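Engineer: One structure coming up, written as structure tokens, with questions to follow.
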Amino acid sequence: MMGETPNQCGCDGHGHGAMAATRERSFIMIKPDGVQRGLVGEIIKRFEQKGFKLVALKFVWPTEDLLKKHYADLSDKPFFPALVKYMASGPVVPMVWEGLNVVKTGRVMLGATNPADSAPGTIRGDLCIQMGRNICHGSDSVESAKKEIGLWFTEKEVVAWSPANDCWVYED
Ligand code: DAT
Ligand code: MG
């Protein structure tokens, strides 16, 4: 017969992952080359298997206007026009992932901006070669994550939900 605590860890199934710190969000986007090379599943798999929670995802061919806003901080850089052209060259997969330290850990999972400097085991270290084709974007701070999520998603498109396995990802 089932006891009063449905989960083996003794929780009621609703207590885990509820702390504010576990609700940090990062904006992760598979770039056009990641889509063209069939790496969508591989990149999503890494965030999913890590234990982060997917709270928003879409498949969209972005406009140059949106990409200029997304990369506004880099608008003075000489590579900016080529960056916007590359990013607008095909569909992308923008996503929001949630979890403890997801911004910082997401950057570690991505690897360095230049794949030549990215450690093996990272997304860029394992799956790409050149900086101008580095397959995936990840927010570099909680503040820029908020800005980027607001650019790519409406509030309704970001979904609050409790994964069944939270108990096994967070101890409290
Ligand atoms: P990251 O994507 O690691 O956050 P970033 O925000 O500094 O790096 O730059 C955005 C993208 O622009 C980056 O993924 C690849 C490209 N880029 C950055 N620095 C570059 C450079 N020096 N030459 C060419 N492309 C560059
Ligand atoms: Mg960046």
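Engineer: Cβ-Cβ below 7 Å, separation at least six or inter-chain, first residue in segment 130-153 and charged (D, E, K, R), second part of a helix (DSSP H, G or I) and more than 8 Å from ligand 1 (Cβ to nearest atom): which pairs?
Structural biologist: Short answer, once both residue conditions are applied: ARG133/ASP33; GLU148/HIS70.
Engineer: Looking at this structure, is LYS156 among the basic types (Lys, Arg) and either surrounded by fewer than 16 Cβ atoms within 10 Å (Cβ to Cβ) or in contact with a His (Cβ under 7 Å, 6 or more places away or on another chain) (or both)?
Structural biologist: Against the criterion (among the basic types (Lys, Arg) and either surrounded by fewer than 16 Cβ atoms within 10 Å (Cβ to Cβ) or in contact with a His (Cβ under 7 Å, 6 or more places away or on another chain) (or both)), LYS156 qualifies.
Engineer: Quick one: ALA112 ticks every box in (1) among the small types (Gly, Ala, Ser); (2) within 13 Å of ligand 2 (Cβ to nearest atom); (3) outside any loop (DSSP other than H, G, I, E, B) except a single one, so which number is it?
Structural biologist: Among (1) among the small types (Gly, Ala, Ser); (2) within 13 Å of ligand 2 (Cβ to nearest atom); (3) outside any loop (DSSP other than H, G, I, E, B), ALA112 violates only (3).
Engineer: To continue, here is another question. When you check GLY99 against the structure, is it of a type in the set (Gly, Ala, Ser), more than 16 Å from ligand 2 (Cβ to nearest atom), modelled with pLDDT of 95 or more and under 12 Å from the mean Cα position of the chain (by Cα), yes or no?
Structural biologist: Yes.
Engineer: Looking at LYS104 and the list (1) within 13 Å of ligand 2 (Cβ to nearest atom); (2) under 18 Å from the mean Cα position of the chain (by Cα); (3) without any contact (Cβ under 8 Å) to a residue 12 or more places away in the chain, which single condition is not satisfied?
Structural biologist: Every listed condition holds for LYS104 apart from (1).
Engineer: Name the single residue that is farthest from ligand 2 (Cβ to nearest atom) among those in segment 69-84 being closer than 19 Å to SER144 by Cα, of a type outside the set (S, T, N, Q) and part of a loop (DSSP other than H, G, I, E, B).
Structural biologist: ASP76
Engineer: Is it true that LEU66 is assigned to a loop (DSSP other than H, G, I, E, B) and in contact (Cβ under 8 Å) with a residue 12 or more places away in the chain?
Structural biologist: Judged against the criteria, LEU66 is not a match.
Engineer: Return the total of residues in segment 119-138 being assigned to a loop (DSSP other than H, G, I, E, B) and either out of contact with any Lys or Arg (no Cβ under 8 Å at 6 or more places or on another chain) or surrounded by fewer than 20 Cβ atoms within 10 Å (Cβ to Cβ) (or both).
Structural biologist: 7
Engineer: Additional query: Mind telling me which of the residues GLY10, GLY51, GLY15 ends up being surrounded by 13 or more Cβ atoms within 10 Å (Cβ to Cβ) and modelled with pLDDT under 95?
Structural biologist: One residue alone meets the criteria, GLY15.
The values are calculated or read from the model by the stated rules, or taken from the named source; none is laboratory data. Treat the numbers as computed from the prediction; the structure is a model and nothing was measured. FYI the Cβ positions are ideal-geometry reconstructions off the backbone, even for glycines, and counts take in every protein chain you see.
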